[in-house]
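Following: one structure in structure tokens, then a few remarks.
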Amino acid sequence: MVKVKSAVLRKSAAPAPYAESRPIQIETLELDPPEYGEVLVEIKAASLCHSDLSVIDGSRPRPLPMVLGHEAAGIVKEVGEGVTDLKPGDHVICVFVPSCGHCVPCREGRPALCEPGAASNAAGTLIGGGVRFHAEDEEVNHHVGVSAFSEHVVLSRNSLVKVDKDIPFEKLALFGCAVITGVGAVINTANIKLGSTVAIVGLGGIGLSALLGAVASGASRIVAVDINENKLEKAKELGATDVFNSRDPDVVEQVRNATGGGLDYVFETAGAVPALEVAYGITKRGGTTVTTGLPHPEHQFSFPYVTLTAEEKTFKGSYVGSCVPSRDIPRFISLFEQGRLPVDKLLAKTISLEEINEGFDLLATGDYSRIIIKF
Ligand SMILES: [Zn+2]
Ligand SMILES: [Zn+2]
């Protein structure tokens, strides 16, 4: 057992600003050694993602106390029994759905939908069962099998992808959530064709990654939609051809008018019902709406039923970008190395673990795409 410095969330829905309410405390936890099929990793960089914020603000309920964080990269320190393809010193990216390799979705080549992986993530345990973090006699839960806001973590071998050692950790971390989710939605879930027209609704880390994926895939027109003017500027910089502010009540009409009736593929990444309404509204006749959003489990979405039939629209969900992480992370990294997927442009700010509450206040402003904790 080792002692580790970790950021622990004990209570959700604290009032903002978090710099004052301080819902996350830096604590010294006890970390068990890796069990069968598990790995001890020293985390070197971890990003603040909106789905961590959703646990903090209570819109995504999770069992507490919990060590949050899921977009991260680090170094293997020790491997448990049964781990034969990783060794101490290897550089790894964390993946936020561990896959068992045996359930029906895993057998169908869709590890993002792994059933035991989803169950252990919901329970706050590792896929091997139980937790490895303790605060004296109390168990501290894992966030989606990763819990990256900690100097060291124990996770399943199947929550890790080995990568080359020549890329800085803060850039590698982005591939674990923003890039596989955003680029994967475009390349895997929608599988867009060269020359397609695309819109992105919601320009956080995932939306901007989807935008870069659309550029890399040769989209002929890329419309960016958000409520934040700074994000719209950023989208233009990254290759958006048109930008629209969704605070405008007639934004759907504006986009439809500007694009001759909407776009082939529209990606909604905000996880908010009004954003999905805009996305569906600006999907053209015969087009496809893809969502990566993770809203509160009770939120319902309704739409005019007849449009699905008479306009032959398609609705698709996209989780972890429909990725096979061990296949897709290396190919996305090679596109990055060739300059065709400049995801490092999402890096907005670097902070220390102690500044995590202030960091989530900054993320909530919507002005920062990716804020990274460097260890
Ligand atoms: Zn994320
Ligand atoms: Zn599985």
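The values are calculated or read from the model by the stated rules, or taken from the named source; none is laboratory data. Keep in mind it's a predicted model, so treat the numbers as computed, not measured. Here the Cβ is made from the backbone with ideal geometry for all residues, glycine too, and neighbour counts use every protein chain on show. Accessible surface is based on the protein model in full, side chains and every heavy atom, while ligands, DNA and RNA are left aside. Shrake-Rupley method; radii C 1.70, N 1.55, O 1.52, S 1.80 Å.
For the stretch 263-275, the criterion of a residue being at pLDDT 95 or above, in contact with a helix residue (DSSP H, G or I) (Cβ under 6 Å, 6 or more places away or on another chain), under 30 Å from Cys114 (Cβ atoms) and among the hydroxyl-bearing types (Ser, Thr, Tyr) is satisfied by at least one position. Taking (1) open to solvent by 10 Å² or more (accessible area, probe 1.4 Å); (2) within 16 Å of ligand 2 (Cβ to nearest atom); (3) under 23 Å from Leu208 (Cα atoms) in turn, Arg107 satisfies each apart from (3).
Of all residues in the stretch 33-58, which are within 16 Å of ligand 2 (Cβ to nearest atom) and surrounded by 23 or more Cβ atoms within 10 Å (Cβ to Cβ)? Explain how you work it out, then say what you get.
First pass over the stretch 33-58, keeping only residues within 16 Å of ligand 2 (Cβ to nearest atom): 37.
Within the stretch 33-58, none qualify.
Scanning the stretch 242-282 for residues that are within 19 Å of Gly205 (Cα to Cα), touching a Gly at 6+ places or on another chain (Cβ under 8 Å), of a type in the set (A, V, I, L, M, F, W, C) and in a strand (DSSP E or B) returns Val266, Phe267. On inspection, Ala348 does not qualify as closer than 17 Å to Ile24 by Cβ and modelled with pLDDT under 95.
Taking the stated definitions as given, is Ser209 within 26 Å of Gly261 (Cβ to Cβ) and among the polar types (S, T, N, Q)? No; evaluated as a whole, the condition is false for this residue. In the condition set (1) of a type in the set (A, V, I, L, M, F, W, C); (2) within 12 Å of ligand 2 (Cβ to nearest atom); (3) open to solvent by 50 Å² or more (accessible area, probe 1.4 Å), Ala112 is compliant with all but (3). Close contacts from the stretch 302-315, counting a first residue that is at negative phi and a second that is open to solvent by 70 Å² or more (accessible area, probe 1.4 Å), with Cβ to Cβ under 8 Å and a gap of 6+ residues or different chains, come to Phe303/Glu277; Glu311/Arg285; Lys313/Arg285. Residues in the stretch 258-274 that are surrounded by fewer than 23 Cβ atoms within 10 Å (Cβ to Cβ) and within 15 Å of Val243 (Cα to Cα): Ala258, Thr259.
Does the stretch 89-103 contain any residue that is over 18 Å from Asn188 (Cβ atoms), open to solvent by 10 Å² or more (accessible area, probe 1.4 Å) and more than 14 Å from ligand 2 (Cβ to nearest atom)? Reasoning before the result, please.
Narrowing the stretch 89-103 to residues over 18 Å from Asn188 (Cβ atoms): 89-92, 94, 98, 100-103.
Imposing the further condition that a residue be open to solvent by 10 Å² or more (accessible area, probe 1.4 Å) reduces the set to 89, 91, 100-103.
Now drop any that are not more than 14 Å from ligand 2 (Cβ to nearest atom), which leaves 89, 91.
Yes, the stretch 89-103 has at least one match.
If you scan the stretch 81-114, which residues turn out to be more than 23 Å from the chain's Cα centre (by Cα), within 15 Å of Val39 (Cα to Cα) and among the aliphatic types (A, V, I, L, M)? Val83, Leu86 - these are the residues of the stretch 81-114 that are more than 23 Å from the chain's Cα centre (by Cα), within 15 Å of Val39 (Cα to Cα) and among the aliphatic types (A, V, I, L, M).
Of Thr283, Thr314, Thr291, which residue is under 30 Å from Phe96 (Cβ atoms) and touching a helix residue (DSSP H, G or I) at 6+ places or on another chain (Cβ under 8 Å)? Before the answer, list the steps.
Values: Thr283 fails: touching a helix residue (DSSP H, G or I) at 6+ places or on another chain (Cβ under 8 Å); Thr314 fails: touching a helix residue (DSSP H, G or I) at 6+ places or on another chain (Cβ under 8 Å).
Going through Thr283, Thr314, Thr291 in turn, the sole match is Thr291.
The strands (runs of 3 or more DSSP E) found wholly in the stretch 42-159 and carrying at least 1 residues that are within 16 Å of ligand 1 (Cβ to nearest atom) and at pLDDT 95 or above occupy 71-79, 91-94, 138-142, 152-156. Considering the stretch 215-234, and only residues there that are part of a helix (DSSP H, G or I) and touching a residue at least 40 places away in the same chain (Cβ under 8 Å), the residue that is farthest from ligand 2 (Cβ to nearest atom) turns out to be Asn230.
The lone criterion from (1) in contact (Cβ under 8 Å) with a residue 12 or more places away in the chain; (2) in contact with a helix residue (DSSP H, G or I) (Cβ under 9 Å, 6 or more places away or on another chain); (3) farther than 21 Å from His50 by Cα left unmet by Val154 is number (2).
In the stretch 161-170 there is no residue that is modelled with pLDDT of 95 or more, assigned by TED's automatic domain parsing to the domain that holds Thr283, in contact with a helix residue (DSSP H, G or I) (Cβ under 6 Å, 6 or more places away or on another chain) and within 16 Å of ligand 1 (Cβ to nearest atom). Taking the stretch 64-84 as the range and being touching a Ser or Thr at 6+ places or on another chain (Cβ under 9 Å) and more than 13 Å from Cys177 (Cβ to Cβ) as the test, the residues that pass are Leu64, Met66, Val67. Among the candidates Glu115, Glu151, the residue that is in contact with a Cys (Cβ under 8 Å, 6 or more places away or on another chain) and of a type in the set (D, E, K, R) is uniquely Glu115.
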